[in-house]
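Take a look at the structure set out below.
The values are calculated or read from the model by the stated rules, or taken from the named source; none is laboratory data. What you see is a predicted model; the values in this text were computed from it and never measured. Neighbour counts are summed over all protein chains in view; Cβ atoms, including those assigned to glycine, are modelled from backbone coordinates with ideal geometry. Ligands, DNA and RNA are excluded from the accessible area calculation, which covers all protein heavy atoms including side chains. Shrake-Rupley method; radii C 1.70, N 1.55, O 1.52, S 1.80 Å.
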Amino acid sequence: MADDEQDDQKEYRWETGYEKTWEAIKEDDDGLLDGAIAEIIQKAKRKRQADKIKQNRLGMMRHMFIVLDCSESMSVPDLKPTRLLCTLKLLEIFIEEFFDQNPISQLGIIALKAKRAEKVTELTGTSRVHLKALAGLANVSLTSEPSLQNGLDLALKTLKVVPSHASREIVIIMGSLTTCDPVDINQTIDELKRERIRCSVISLSAEIHICRYLTQQTMGTFGAVMDDAHYRDQLLAQVDPPPAAKTQDNSLIRMGFPHSKNEVEGKDAPLSMCMCHIENLDEPSELSTTGHHCPQCNSKYCELPVECQCCGLTLVSAPHLARSYHHLFPVPNFEELPFESVPPAAPDCGSLRKCYGCIKVLNAQTDKSVFKCGYCNQFFCIDCDIFIHETLHACVGCNTIPGVAGLVYQKQGGKSAAGTHQQQPQPQPQPSTSKQRSQFNM
C-alpha cells in the first residue's frame, strides 16, 4: 500500500510545470478575476526591469554578428508558423530596437546552411540592409545540419580586425541539437576567449553542452526558449550593451558631425550623388541636392551614422551620441508602493488618483502597485514606469517641474564626488607655464 501511495505522488517532469497554477488566480470580493490577472501582468512587465544589472562601464560602440541556424531543424512548427519564420519576425523587431538604442554600433548576419557558413550581410550600421536580407531568408531551403564552428570562424575572421576599444559580440540562434564541425571546436572557443569576443546563445530546442560551455568561456549568456514570448524577451535582452571587459582598451575616437549644403553663395546646392549608394547595384545612387557632407573630405551621404568611404571618419549626429550614452546614466528605479499611497487630487478635480505621466485615473483593482520617483516624488502607473526606463530614459516629473532637474544633478554630482574623494584624493592642479608659476609664487 505504501508503495502504491508513493507511486501516486510521483509525477512526470512535464507535469510539474502545471502544478497548482490555478492557485495564483483568486477572486476578489465581487467574484471577479480582473485584479488577479492585472497583478500577474504587472509582475511580468516589471520582471525585465528588475533583472537589469547596473554597470559602471559599458561597451558603447558595439560590433555584433548574429549567427542564424538555417538547418532542417528550423522547419519544426513548435514556434508558429515555423521556427525560421518566427525567428525572422522577431529579428526584425530586434534590429529596429538595436539601432534605436545603439545608433553608433554595427551589426552583421551569418547563416548556417548545409554544414557551411554564409555571410548574409557585412558589419554595417544601416538597419535597412539587414531587414532586406531577412526578407530574402524567408524562402531559403532548410536542409542538413549546421556547423557551429564554421559560423564562429567566419565571425571571428571579421571581428579580429575591429579596434580593441569596441565591444565585439556574437549572438547565436541555434535550432539544432547537433553541430557538424570540420575539426575540434574547442580550438575555436579558445581563440574567441583570447580575442575577448563575447558569445551568447539562444537555443530553440534544449540546452546543449557545447553551447553552454562556449558562453561560459567567453562570458556570454545562454538561454533556451519556452515559447515565442519568452523567445522575444531573450532576444531583446541583447539590446542593452554588455559590461565592458576589464582588458578592453580606452581610446579617443575621432568623429565628424556632417553638415548640409542647402545653399551655396545664395544659390541652390548643385546636384550630386551620395557615396553610400554609388556602388550599390540594387539601389543605385540618384542625383539630389540634399544630403550629409563629411566635414573632412566633403563626401556626401544620404543617412547617418556611417563611416566615410573616402577618409574613414565616423559620421554621426548629436542625437546619436545622446542615445548611445543614456545607458551610462540610467533613470533610478522607482519605489514600488501600494495604490493607497497615491494622494487624491483636489476636490474640484473629483478627488481622483491619477498617474503623473499619462494622466490616467488609477484603479484599485488594476493598479494595485504604483511607482514613485525618489526625486520629484510623483507617482506613475506600470506602463509609464516601463516607458520611462526603457524608451524615454528621463523622468517626466524631474524634467517638467521647475527646479527638480537641478536638484537631481546636485544629488548625483555630490554622490559621485563623495565616492571619488573616498577612493582616491584628487591632486592639486599644477601651473604649467612660466607665467602661471610666477603668478602662484613658484
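Annotation: V201 carries an accessible surface of approximately 0 Å², with a 1.4 Å probe and no ligand, DNA or RNA atoms counted. Within the assembled protein chains, the solvent-accessible surface assigned to L177 is about 110 Å², based on a 1.4 Å probe. Pairs exceeding a 30 Å alpha-carbon distance, out of K132/K157; K113/K160; K89/K300; K119/K193: K89/K300.
The share of Cα pairs per 5 Å bin across the range 57-239, counted from zero up to the longest distance, runs 1, 8, 18, 23, 23, 16, 8, 2, 0 percent.
Largest first, what is the accessible-area ranking of V361, V331 with a 1.4 Å probe?
Sorted by accessible area, descending: V361, V331.
Is the range 335-408 rounded, prolate or oblate when judged by the Cα gyration tensor, a ≥ b ≥ c being the square roots of its eigenvalues, rounded requiring a/c under 1.5 and prolate requiring a/b larger than b/c?
On the way: a/c = 1.94, a/b = 1.34, b/c = 1.45.
Oblate shape, in that a/c is at least 1.5 and b/c is the bigger or equal ratio.
Solvent-accessible surface of protein heavy atoms, probed at 1.4 angstrom with all chains present, puts M219, M74 in the order M219, M74, largest first. When the GluC sites (Glu not before Pro) in the range 190-237 are filtered for DSSP coil states and for at most 15 other beta-carbon atoms within 10 Å of their beta-carbon, the remaining sites are E195, E207.
Two numbers describe the Cα atoms of the range 158-248: Rg and Dmax, which are 13.7, 37 Å.
C310 exposes around 80 Å² of accessible area when a 1.4 Å probe is run over every protein chain in place.
Looking at the P(r) of the range 63-153, how many percent of alpha-carbon pairs lie beyond 24 Å? Roughly 18 percent, rounded to a whole number. Residue order by solvent-accessible surface for K160, K300, K261 is K160, K261, K300, largest first, with ligands and nucleic acids left out and a 1.4 Å probe.
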